[in-house]
Every structure is written in structure tokens, then in C-alpha cells.
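A short worksheet on the structure shown next.
The values are calculated or read from the model by the stated rules, or taken from the named source; none is laboratory data. The structure displayed is predicted, hence computed values, not measured ones. We place every Cβ from the backbone using ideal geometry, glycine too, and count neighbours over all the protein chains shown.
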Amino acid sequence: MAKKIIRVLGIESSCDETSVSIVEKSNNKYKVLSNIVKSQTDIHKLYGGVVPELAARAHSDIIDKLIFLAFRKAKMKFDKIDAIASTAGPGLLGGLLVGVVAGKSLAHHLKKPFIAVNHLEGHAMSIKLENNLVYPYLLLLVSGGHTEFTLIERFNKYRRIGTTIDDALGEAFDKTARMLKLGYPGGPEIERYAKNGNQDRFKLPKPLIQEMNCHFSFSGLKSKIANIVAESKCNEKFKRDMSASFQKTINDIIRVKTTNAIEKCRELIKGEVKVVVAGGVAANKSIRHSLMAIEESEKCKFFFPSIKYCTDNGAMIALAGIERYEKNKINKLDFKPRPRWPLDKSAVFMKGKRAVEGSG
Ligand code: KG4
Ligand code: ZN
């Protein structure tokens, strides 16, 4: 018989946020008992991007303190936890090692199961922290390392129907911000600058927009911006107008591709299409509004996790850990981190390839 109340500790350290959380499941409802997030922005902003070696050191400096803090905040004793879940990939190897070793050590010491969680599964499940959404749903995952449409048929059954053939969307935001000499991380800065900019000043390319598939490409857009920046005076007005034009172009691309993905979904599932938009870029308010505007015409419903659960957090890892624990999907202590770990194992690796209709 399934245990009534389950509590799992989630550890996240795949990129530049160290996070530890305890999530409880009781009567089919989730409750976040604690979710401590320590961002490394101050370290990486000096370099304009994440420095893997420094990220790993910073995770290792703080992980034990955050684990103590997560228990204290949840007002829980260590032995009351049912399992320990760590992000085991995809991500930067050094950071993954810190979280996985911490999780395994704690699991071994407490004699509790260790669960290796796919970071992308965490993002895919993040909506469930606050919404009892039923499967199936279409996931649009937009983060610093990934951009994909994946049909979440049920827990652990994932079918990718579109992806990026070059940069991830968060990467496009971060690189554009760097060209414009905005702060780091770039996404929130672009959003801030775009607010007071003229979105029609620059006409930017929308790669793959004519192709009736669900694939993305952002590298041509990035090159065009680099060319314009090289020929322009990068003053405050230029920064605002370029940020606004970039964000508008991204919105146009996402709306068209999401419409294609919804159509594809209708061939695969019955009933109303529910679209969950998750990952760091889903924190962008203009993207949220732009997608909401097509709800009626596309006869679909959009769901967005709270901003704190869009960017990397331990709570989504703990929740995925609970789902795995309930299904007895626990891992041995020799589980090795996987820097590359697709959600849909059968999906074709598309980076550098032309997007071909029908290839997932
Ligand atoms: O999911 P996440 O926290 O980490 C990864 O798994 O990659 O996503 C980080 C990405 C970064 O590229 C960051 O610039 C972007 O999310 N991001 C945003 C916003 N907030 C974070 N992009 C656009 N607008 C935002 N408000
Ligand atoms: Zn992430």
C-alpha cells in the first residue's frame, strides 16, 4: 500500500543556482515545505556568462549549508525524509557532481533511497507544484540550455515534437544582452530594457518561421543583431529599441511555432490541448502575454508556473523525485551524472542539422 504522506528532499546544482527544497505529497496534493535558492549571479556577472569551474566550486561551498537550512525551514528532522533526489543531468558536470555526491552521501547516511532526476523532467513537472493539472499536456520548455516542445503523455512518457537546431532561447537572450552590454543574466535585462523601447525600429529575421514544423533556430537572428550592433552607436536608446525589437521577434516566432505544435498535438491526443510553458525564459512577462493572446484562436489553454518555479529550483526536483519514489524508480549509489540526457530518449539529436519535417 502506498504511504499516505511522502516527503522528498530535492537538490539542484546543474547550472548557476544552488537550490535545496523539501516537498510533501499528501492526498494527491503537493506542498513546498522549503525551497532555498542561492544564485551565483554575483560570481558569473564579472565574466558575462557561467564559468563552469567557478560554478562547481560555489555549489560545493554552500550545498551542505543549504541542506541544513531546507530542513530547518521545513521544521523537519533529517530522518523524517523519505528519499533524496538530486538533479543528475543534463547540465555542467562539475555542478552535477556536487549535487549528486551530496544527495548520495545523505541517502547513504540516512539509509534512504537516492533518486537521480532529469533536470528537464523537473521543469516539465514544475507546474504541478501549484496546479493539479492532469496529463497529457504539451510542454514548451524554454531555458538557458534547452528549447523544445515535448508531449508529456504521462509521467515518464515523453515525446519530443520540436527542438532548436542551434541555440537555446535563453542563450539567445543572454548573447543578445551581452552584445548590447546589458547586465547578466541577460534575459531579465532584455525584458527590462524592452519595456521602454520601440519594437518596430529593427526588422530582424525569423529563422524557420515558414517551415510548418515545431523546430526553432536562433543563430541567424543573433548574427543579424551582431551586424547591426557593429554598425551602430550602442547608446541607451539603441539598447532599448533593440531589446524591444528582439523580444517582439521572439514573440512572433514562438507564437507561430506554438500554433504548429498545438496542431501536431491534436493529431496525437484527444480533447483540449493544454500547453505548459516552463523554464527560465517562461518568466518573461511579454512572452506570457503574447502566448495568452492566442488561447482563443487556437482553442487551447496555457499554464505558467510561478516565476520562482520557472527558473531553476530544488522544488521541481523534489516533486519529480516524489513521482519516481511512488513508482519505485530509485537509483543505485553508483549512478553517474549525465551532462547530456534528453527527456525523450528516441528523439533525434538536432543541433547543427536542418530541421526536417516529421523528425522529432
Ligand atoms: O531554467 P533556467 O533557470 O536554467 C536552465 O535550465 O538553463 O533558465 C535560465 C535562462 C537564462 O538564459 C536567463 O537569461 C533566462 O532563463 N531568463 C529569462 C528571464 N528570466 C530568466 N529570459 C527572458 N526573460 C526573463 N525574464
Ligand atoms: Zn533549468
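Answer yes or no: is there a residue in the range 327-336 that is loosely packed, with under 13 Cβ neighbours inside 10 Å, touching a residue at least 12 places away in the same chain (Cβ under 8 Å) and more than 29 Å from residue 102 (Cα to Cα).
For the range 327-336, residues loosely packed, with under 13 Cβ neighbours inside 10 Å, touching a residue at least 12 places away in the same chain (Cβ under 8 Å) and more than 29 Å from residue 102 (Cα to Cα): absent.
For the range 217-254: of the residues being hydroxyl-bearing (Ser, Thr, Tyr) and free of Cβ contacts under 8 Å to residues at least 12 places away in the same chain, which is nearest to residue 206 (Cα to Cα)?
223
Being within 16 Å of ligand 2 (Cβ to nearest atom) and either β-branched (Val, Ile, Thr) or touching a residue at least 12 places away in the same chain (Cβ under 8 Å) (or both) is the requirement here; does residue 197 meet it?
It is false that residue 197 is within 16 Å of ligand 2 (Cβ to nearest atom) and either β-branched (Val, Ile, Thr) or touching a residue at least 12 places away in the same chain (Cβ under 8 Å) (or both).
Could you tell me whether the range 229-247 includes any residue that is part of a helix (DSSP H, G or I) and within 21 Å of the chain's Cα centre (by Cα)?
Within the range 229-247, one or more residues are part of a helix (DSSP H, G or I) and within 21 Å of the chain's Cα centre (by Cα).
Of the residues 238, 304, which single one is within 16 Å of ligand 2 (Cβ to nearest atom) and among the aromatic types (Phe, Trp, Tyr)?
Selected residue: 304, the only one of 238, 304 that is within 16 Å of ligand 2 (Cβ to nearest atom) and among the aromatic types (Phe, Trp, Tyr).
I'm told residue 39 meets every condition in (1) in contact with a strand residue (DSSP E or B) (Cβ under 6 Å, 6 or more places away or on another chain); (2) in contact (Cβ under 8 Å) with a residue 60 or more places away in the chain; (3) within 29 Å of residue 175 (Cα to Cα) except one. Can you identify the failing condition by its number?
(2) is the only condition that residue 39 fails.
Exactly one condition in (1) more than 13 Å from ligand 2 (Cβ to nearest atom); (2) closer than 22 Å to residue 32 by Cβ; (3) in the same structural domain as residue 270 (by TED's automatic domain parsing) is false for residue 106; which is it?
Among (1) more than 13 Å from ligand 2 (Cβ to nearest atom); (2) closer than 22 Å to residue 32 by Cβ; (3) in the same structural domain as residue 270 (by TED's automatic domain parsing), residue 106 violates only (3).
Just to check your reading of the model, which residue among 125, 76 is within 15 Å of ligand 1 (Cβ to nearest atom) and either surrounded by fewer than 23 Cβ atoms within 10 Å (Cβ to Cβ) or modelled with pLDDT of 95 or more (or both)?
125
Would you mind stating whether residue 290 is within 16 Å of ligand 2 (Cβ to nearest atom) and either within 24 Å of residue 15 (Cβ to Cβ) or at pLDDT 95 or above (or both)?
No; evaluated as a whole, the condition is false for this residue.
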